[in-house]
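The values are calculated or read from the model by the stated rules, or taken from the named source; none is laboratory data. What you see is a predicted model; the values in this text were computed from it and never measured. Cβ coordinates were reconstructed from backbone atoms using ideal geometry, including for glycine residues, and neighbour counts include every protein chain displayed. When the accessible area is computed, the model is the full protein with side chains, heavy atoms only, and any ligands, DNA or RNA have been set aside. Shrake-Rupley method; radii C 1.70, N 1.55, O 1.52, S 1.80 Å.
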Amino acid sequence: ERVVIPGNQLLAEYLDRCVARGALRPLDTFVAARALVGCLVMFLISQSVLGGDALRPISDAAVIETVTELFLRGALPRE
């Protein structure tokens with residue numbers, strides 16, 4: 001209650017500002033924020049807890065670049 005929801009709300013408010021200035025298309029920013037955090041949490045669990053990093057190490061830079069690209073642009077080819 002004191003961490004997840006407030007953190008989600010802060011990220012949603014940031015996304016709201018991005019939508020307002022036209023940097024993002026209109027969307028439910030609370031859901032988008034929760035989805036991004038959920039994606040990252042599951043990725044970190046699979047890498048750290050489930051041993052993915054031992055099987056195939058991935059640099060922090062690659063994680064940041066790829067997750068950002070997927071979140072902001074999706075996986076569709078660029079037009």
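Which net charge results for the neighbourhood of Leu11, defined as the other residues with beta-carbon distances under 14 angstrom from its beta-carbon, given Lys and Arg at +1 and Asp and Glu at -1?
Here the charged neighbours net out to -1.
How many nm is it between the label spots at Ile58 and Leu24, if each spot is 7 Å from the Cα in line with the beta carbon?
Roughly 2.1 nm, to one decimal.
Per residue, how much accessible surface does the chain expose to a 1.4 Å probe? Answer in Å², no decimals.
81
Expressed in nm to one decimal, what extension gain is obtained for the pair Val67 and Ile45 from 0.36 nm per residue of sequence separation less their Cα-Cα distance?
Value of the extension gain: 6.4 nm.
Can you give me the % of accessible surface on the range 21-79 that is carbon or sulfur? Probe 1.4 Å, all protein chains present, nothing else counted.
The computed percentage sits at 65.
Going highest first, how would you order 52-62, 6-16 by mean Cβ packing within 10 Å?
Highest to lowest by the protection proxy: 6-16, 52-62.
Which of the helices in the chain, when you take each full DSSP H run, stretch at least 15 Å along the axis at their Cα atoms and have an average Kyte-Doolittle score of 1.6 or higher?
29-44
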